[in-house]
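Here is the structure we will look at.
The values are calculated or read from the model by the stated rules, or taken from the named source; none is laboratory data. Model, not experiment: these values are computed from the prediction. So basically every Cβ, Gly included, is an ideal-geometry build from the backbone, and we count neighbours across all protein chains shown. The accessibility values were calculated without ligands, DNA or RNA, using every heavy atom of the protein model including side chains. Shrake-Rupley method; radii C 1.70, N 1.55, O 1.52, S 1.80 Å.
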Amino acid sequence: MCSSDLSMKAFAALTAAAAGEVFFEETFSSADWEKKWVTSEWKGPNGPAGTWTHTSGVFSSNEEEAKGISTSKDFNYHCISSKLAKPFSSKDKTLVLQYSVRHEQKIDCGGGYIKLFGSDLEQASMGGDSPYKIMFGPDLCGYDVSRIHAIFTFAGENLLKTSDIKLEYDDKNQFTHLYTLQVNPDNTYEVFFDKKSKAKGALHDDWKFPQKTKDDASDS
């Protein structure tokens, strides 16, 4: 996870597949959560690197259930990562990448993303330039730019969605929200915000992936 905002509180991160197989899940309910997570020393352009704390935040209805990790209240970059227990493949399965996050302070510009990296990630130096497979989460910059990013890496190139997944005015607030990316075996997708569909379609239509078929130049 990476954040470049004032104060992001991450409650959970989940990568799962069809048939209920859970590849990774984190609720931050245990006090020894730091044993599984590595905080990056990458500081971005405005260092130093931000720190994380285990807390229920500035408000909650149940402190124990609301425990998560929170960024410090500054303008530094915050990056933290945890390894999956074993390699996985989403071939012929529905892949679901899901997490919840709360931006407790009103921010001018920032975001709190979750990224799916390869197994060769250098966790201690993970930062903005570290290659990833999927990047997903909100990009908030005033009320004019409020969207959900869903970026896939193909052949070394980061592919942004050709149209924005827009967040409504009422979607940008200081409450906890659930973000879900679902990628299906037939190369279709759906993005949910608080379990409500925000975008869906075909990957080849909405990202600049190579088309599945090509014209044969020698055919006449």
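A few comments on the model shown:
- FRET E, pair Ala49, Asp205, Förster distance 41 Å, beta-carbon r, rounded to 0.05: 0.60
- For the stretch 45-50, 3J(HN,Hα) per residue [Karplus equation, 6.51 cos²θ - 1.76 cosθ + 1.60, θ = phi - 60°, Hz, x = Gly/Pro]: x, 10, x, x, 5, x
- Estimated [θ] at 222 nm from DSSP helical runs (n ≥ 4, -39500 (n - 2.57)) normalised by residues in the chain, nearest 500: -500 deg cm²/dmol
- Two numbers describe the Cα atoms of the stretch 98-138: Rg and Dmax, which are 12.3, 36 Å.
- Comparing Cα centroids, the stretch 125-169 and the stretch 177-196 end up 14 angstrom apart.
- Surface per residue (accessible, 1.4 Å probe) for the stretch 91-179, Å²: 52
- Point-to-point label distance, Glu25-Cys109, nm (Cα→Cβ direction, 7 Å offset): 3.9
- Computed over the stretch 14-92, Cα set: Rg, Dmax in Å: 15.4, 44
- Size of electric dipole in the chain: Cβ of Lys, Arg +1 and of Asp, Glu -1, about Cα centre, debye, nearest 20: 180
- Think of the stretch 37-125 as a dipole: +1 on every Lys or Arg Cβ, -1 on every Asp or Glu Cβ, centred on the Cα centre; then among Leu116, Gly68, Ile80, Leu116 lies furthest on the positive end.
- Relative to the globular-protein estimate of 2.2 N^0.38 Å, the Cα radius of gyration of the chain stands at 1.05.
- On full extension, the segment bounded by Lys166 and Ala85 gains 25.8 nm, given 0.36 nm per residue less the C-alpha separation.
- Whether the stretch 107-220 is rounded, prolate or oblate, judged on the alpha carbon gyration tensor where a/c under 1.5 counts as rounded: oblate
- Estimated vicinal HN-Hα couplings, Hz - the stretch 114-127 in sequence order (Karplus 6.51, -1.76, 1.60; Gly, Pro = x): 10, 10, 9, 9, x, 6, 8, 4, 8, 5, 5, 10, 4, x
- Spin-label pair Val58/Lys35, simplified geometry with 7 Å Cα→Cβ offset, distance in nm: 3.3
- Extension reserve of the Lys73-Lys195 stretch, reckoned as 0.36 nm per residue once the Cα distance is removed: 41.0 nm
- Within the accessible area of the chain, the carbon and sulfur atoms contribute 49%, probe 1.4 Å, all protein chains present.
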